[in-house]
Every structure is written in C-alpha cells, then in structure tokens.
Amino acid sequence: MSSVSLILLMAISSATAGAGVATLVSTIGATERLFALAEAPDAVQMHVGPLETSSLDSFAAAHPDIVDDHQVQDALQLDNQDLRMHGISDAARDGVMDLLLVTQSPRFDFLLGPDGTPTSVRDGEIAVPGYYADAYDLVRGDTVEISVHGDVQTFTVADVVRDAQMGPSLVNSKRFVLSEGDWNDLAERLPVEHILTFRLVDDAGDRFTEAYRAAGLPANGAAVDGSLLRLIAALTDGLVAILTILVSIVLLAITLLCLRIMVLTALEQDARRIGVMRAIGFSHREVSSTLLLGYAVHSGAAVLVALLMVFPASALLRGGDGAPSDGHGATGNIVMLLAVVVASAIPTALAAHLLRRVRRISPLLALTRPGVSAQTRGRPRALRWDLPIPVSIRLAVRGLTTRGTTAVLLIVMVGFAVALAALPQRVTQTIAAPDFVTTMGVGQSDLRAFVREGAEAGAGDALERSLRDDPDIARFAKATSFRVALIAAARTDDVALEVGDTSTFPLAYARGEAPAGPGELALSTLAAQNAGVEVGQSVQVDSAGSTHRYRITGVYHDITNGGRSGKAVELPGDQGIPLWQTFMVDLRDGVDQGAKASSLALDHPSASFTELDRFVHYTLGDTVERLKTASMIAWAAAAVVMLLVFALRGRLEATRDESDLRLLRLLGWSRGGLRTIPLFRAVGVAGAGLLLGWVATELLGPGVLGATLSSFGGGATDLVAANGWSLITGPVVAAAAVVGALIACAHSPALLNES
C-alpha cells in the first residue's frame, strides 16, 4: 500500500503540473495565433457621430513613422431585444452587451471562421461571435432573427467567428458579420458607430497616443491598445492556467515533504540491512544506488499514471477564443509531457540527496544499535497517572512532541492542502460577489443606466427628470464622462474622466478618499501608475485645450475603460470630449429590479439599463465558471493527497513503532486501544493544519487576488466571507487526513509474539 500511495502522490502532482503548463502554453499560443491570423489592430478608437475619413488619411500620411495602416469599420447598433436566437430574445443582456452588425474587414482586424481564415457570408446568412454561440448553443444552419422597427428578418448561421478584438466576455461589445447587401439594407434603419483601427510600427504606441490627441481626431468613445486586447483575450484561460500551476507547486511541495519523511523512516528501519551490506564490502554509493533504484521505479510508474490523468485534466481546463492549432498542439503536448517527466523526476532527485546519509551509517553501530539519527541520551519523562486525560491521548501528544520535526512537517502539509483547497474557492466567490463591481470602477447600486454621446438630444436630462419624479426610486446619482489628457511629469495619457456625484455610490478606495470639491481628483490604479503620481500630489488635466490643476485625493481599482480613468466633482465649463452619461440608481424596497429596468428602457429608448448583478454575471460569468472548475480540481486533489499522505505515514509509523506497540500489548492494551493513539495524533495534526491553512487563506487571499487583477487595473481586494462550498473545503481536507490515518490503523500489521 505504501508504494501505491507514493506513486499516486507523485502522479497527482505531476499530472496537475502538466495540465497547468499545457493550459498556459495553449493560452499564450492560441492568443498569439489568433492575433496573427486576424491581423489584430494595435490601437482601437470607437466613435459615434459624423466622421471625416479624410482627416484620418491625412493623419496616417503625416506620420508614416507611427502608423503602418488604418481603416474605418462602420458598425450598426442593434438593441438586444431586437435579436432572437432559438426564439429567445437577448433582452437579458441589454445594457451589458452592445450588439454591432458589421461586414468583414477589408485589410486587417479580420473576423475568423473555425478554420482560421476570414469568414465570408452571403445574403441571408450571418456569422455569430463565439460568446453568443456558446450562450445559445448556436451551430451552422441555425437561424437568427433581427427585428428592426417591427420588420423581422431571418438569417442562417453560416459561421461562428473568432474575434481578436471583441471576443472575450470582458469586452462589452460583440460583432455579428453580415453580407454587404444585408448590411446596406439595415443601415438605412439603424444607427451607425465607427470603429477606427490602426496598425502601428513597432514600439509606437505612446507616440501614437500623443500624436492622435494633438491632431484632435474623433475620440468620443472607448479607446484601447493592442497590449490590453491581448491581455483580455488571454485572461480567462490564463487565470485558470496560473491557478493550476500554483496548485501543482503546492502538491509537489507536499509530495516532497512526505517523501522526505518516508526516506528517513526507511533508512532507520533498514539500518541493520544497510550495515550488513557495508560490512560485506558494498560502498555507500552502491548501497545508495540500490535503494535509489526503488524510488526511480516509483517515479517511472508515477509518470505512466500521470500520463493517463493529464490529458483529460488538460482538456477540462482548456478553452477560450483561440485560433486553430495548425500543428501547434503538438508543441503544447510536448511541453506538457516534459512538465510531467520533470515533476516526477524531482522526487527522485530529493531521494538521491537524502540517501547520501547512507555514508554516515557505521556498519558496527548499525548492527549493534540500528538508526540513522543520533540517539537521545535523556530518558523520556514518565507519564503522570493522576491526570483526568486518557492515556491514549497523552501517548499521542508524547509521540508528536518527541518527533517534533515530523509533526511540524505534517502540520505544514495539512496547512498547504487546506489553503490549496480553500483559496481558489474564496477567490472565485469574491469575483462572483455583487460588490465586486467596486473593483471595476463602479459604485454598488441596483441599476445602472448609460446614455451614450450621439443619442437623442436631451435624452440624459429627460431621464434625470424621470428618475427624480419616480416614486420607485430611492436615490440616484448622475455623472458625465469626458475624454481628457492627464498631464504629469512622467508622461501624458488619455483617460476617461467621470465628473459628477462621487459620494452617493462610493467606491472602495485602495488609498486615500473620494474627491469632495473643486480641484480634487481620484485616479484609477493604472492611471496613477502611468502618470507616476500618488495621493497628495498634483496633475494637470487638459480638456478641449483648457488646462486645470487637480490634487490627487484617492486611488481606486478599475478594470473598465482600459483600467485608466479618473473621477472628479466638476470639470470647469464641462469642457472636453463627452463620452457618455452614467446614472446609478437604487430602488425602494420591494421594487423588482428586472421589471423596473424594462419599464425605464421602454420610456427612455436612448438609454440602456441593467442590474449590476446581471452585468457582473454576463461579463465575468465565463471566467467564474472556469475558475470554479479549477478550484474543484484543486479541492479534490488536496483531499486525495492528504488521504494518501496520512495513510502512508500511518503505515510507516506502525512499522517503526512495532516494538513499543508490542510492549503496550503485553501490558494489556487491546488492538483497538492501540489504534486510537495514531488516530488521536492524526486528529491533532489535522486540527492544527486546518487552523494554519485558514490563517494562510485569510492572509494570502487579498494578495493573490490583487496580483491576478493588477495587470489590468485591479489590486488587493478583501475576500468575501466564506459561504457555501468554501465553508467545508478546509474541514473536508482535514477530515481526509484523519480518514487516511483510519485506513492505516485498519490495515496495521499484526504484532509478532503478542503472547
């Protein structure tokens, strides 16, 4: 059983390492292949309203050292309720996903079919984004209905497209591809939004931003760069891959700690045999090599078992919007196999290092006093018989204290395993929590409404009056976002500055506090980092040629607007490039959020409304589901590993303590009574490890989540209180350790000469 347990331990850690590395390699490779095949843009600027393409042509011609190519893609804006798939309206995503009807791009920024080539559709056909194909189980040949002013047109799904720019769920716009004829027909009845895309020369991103702003080109919509597009595209699978690799590292550490205990115990047990081998002429190298061969065989068997586990585990973890492999899958498989072999070889290397202790074994001492470790000269202190504590518990405690190093290692192992199981669950629950929106640059409210620039004149004022007079509304706040230039000593950056009430629906600030008056400004984490400023310092804000000085009062996390945004109470003269108006709304108790959002949408067609929890669900839902899968794998692996470790350790202890157990048996102890001693030891170790793991989860959790989100604007965030599955993950892992000890006790060898 000991051999089987050790092989399974090695196999689980190796398979997890292989699956994590394979997922990471697949994610990076798929993202790069997708961007290469799609010839993705290096800069994207959305714009609503009149557009003079000649100004863009002149700009590109004037900056050949910056712009390699550029194009304008016209997109038709479609309301979610006007899109039906399998007879189901997409109204649930209204205010969450912006639907854009486009034709295939002419020169770059292609929308790809399953074969990795630009998709092509004929009249009456439509190519749907992968996000919607997954959400509605769409395949080729299905039908999609588009309703425009009551006129319903039916299209046949010709392709599921891969979109490098707007494919991930974190991007709140999705492109559907139509033929030129169908697009021109709908263009007469739907509003148009322009997607300005640029291919830049190498390392020209910063120069492009400055030149574009200086030229005063259209910029009344969202703007992102190629690096952010790549990061978002790889985010979901990348998170899963990194989490899995961290899991494999922890599992490997547990395996190595267990192997250390096993090797040292085996050396103590085999000291007499080793002494005989040394006495008859075997060198310490020959003895070590003989013993090492057994561990090498274990590693070889672990590789075979891991290979059976790694392919289904990798398939379960992989996914996302990637391009076809085109032979790159073979590279991923080779890397995965290498990871499995290396992870299985590390325990053998540790065993080789530990077996060097054979040279310390004197043949004479081994034959007369077996043992590798130095013998203690002091006599063990006698047990007190007047204490009300059962003798079996006191013997268990003595076993832990006399072998303190081993006990500490076991406690650390359980702590690792508990944190390994609990931390991914808690991180996943935190991301899925409704108040997680405070890390997205959004205050927590019941409803959120947008009125974009270019909407019907006076639409924002009309909505504000309606909300003020509505008896169902408890409170609301309005803010207008402008595109401004943030000027600091380090550099100048464009940010989306939200001007308006910052106190009614406050954010969670990482540092400092919200701006409260004129001349005060709060910046997102990335905006502050790029500008090189901190709380208390000053920056200049340039809007429409007018420059104003602001003092930084706070820094907050924001994973929207490219992670670069700001908040202020006022912008003198409200000068600048307007982007959109935002309304945060809280309803009175008892008012149905969904029904109220639908009612407001009917009364104000120029605005989009959504409940914030629905916004988080449809935006982060795919990421959360993938993290749930990875966290369940981590939980199962931690529990199984603890069961194997304690079953293996229990067998080793029973063999090593055979003489002591035989003596207790002669003193009248029953076999059941003897089994309670290692069981109590396991309970004590599991309890201490559970406490250690819980503390580690609470201390490390915010940092792990912050490191995950920091690359695109997030930061350290407190974990939500444990609930549901996360409440039982740690206790289940600790219980698995106790069950392993029970298994070892149940199968303990019969003591010799008991009579």
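Derivation of every value follows stated rules applied to the coordinates shown; laboratory data play no part. Since the structure is predicted, the reported quantities are computational estimates derived from the model, not experimental observations. Methodologically, a virtual Cβ is constructed for each residue, glycine included, from the backbone with ideal geometry; neighbour enumeration extends over all protein chains shown.
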Q | Rg to Rh quotient for the stretch 1-134, alpha carbon positions, Kirkwood Rh | A | 1.16
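Using the eigenvalues of the Cα gyration tensor, what equivalent ellipsoid semi-axes result for the stretch 439-612 when each is taken as the square root of five times the eigenvalue, whole Å, largest first?
Details: eigenvalues 176, 59, 33 Å².
Largest first, the stretch 439-612 gives 30, 17, 13 Å.
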Q: Compare the peptides 683-689, 493-499, 640-646 by average per-residue count of other Cβ atoms within 10 angstrom and give them in order, highest first.
A: 640-646, 493-499, 683-689
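Need the full-extension length gain, S289 to D134, defined as separation in residues times 0.36 nm minus the C-alpha distance. One decimal, nm.
So the extension gain works out to 50.3 nm.
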Q: Specify which residue in the list T582, V495, Q537 is farthest towards the positive end of the charge dipole of the stretch 439-612, using unit charges on the beta carbon of Lys, Arg (+1) and Asp, Glu (-1), about the Cα centre.
A: Q537
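Nearest 0.05, what FRET efficiency do V4 and E698 give at R0 = 41 Å with Cβ-Cβ as r? Intermediate results must be reported in sequence, preceding the final value.
Numbers: r = 36 Å, r/R0 = 0.87.
The pair V4/E698 has a calculated efficiency of 0.70.
Which values, in whole Å and largest first, are the semi-axes of the equivalent ellipsoid of the stretch 1-53 obtained as the square root of 5 times each eigenvalue of the Cα gyration tensor?
Working: eigenvalues 502, 24, 5 Å².
Three semi-axes, in Å: 50, 11, 5.
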Q | Student exercise, the stretch 439-612 dipole from Lys, Arg, Asp, Glu Cβ charges, in Debye to nearest 20 | A | 500
Q: Could you work out, for the stretch 119-228, what percent of all Cα-Cα pairs fall into each 10 Å distance bin, beginning at 0 Å and stopping at the bin that holds the largest distance?
A: 11, 34, 31, 18, 5
**Q.** Inter-probe distance in nm under a simple model that places probes 7 Å from Cα toward Cβ, at L727 and D57
**A.** 6.7
Q) So what's the net charge close to V555: Lys and Arg +1, Asp and Glu -1, counting the other residues with Cβ under 11 Å from its Cβ? A) -1
Q. Relative to the present Cα-Cα distance, how much length would full extension add between L691 and F311 at 0.36 nm per residue of separation?
A. 133.3 nm
Q: Note the full-extension length gain between I28 and E188 as 0.36 nm times their separation in residues minus their Cα-Cα distance, in nm to one decimal.
A: 53.5 nm
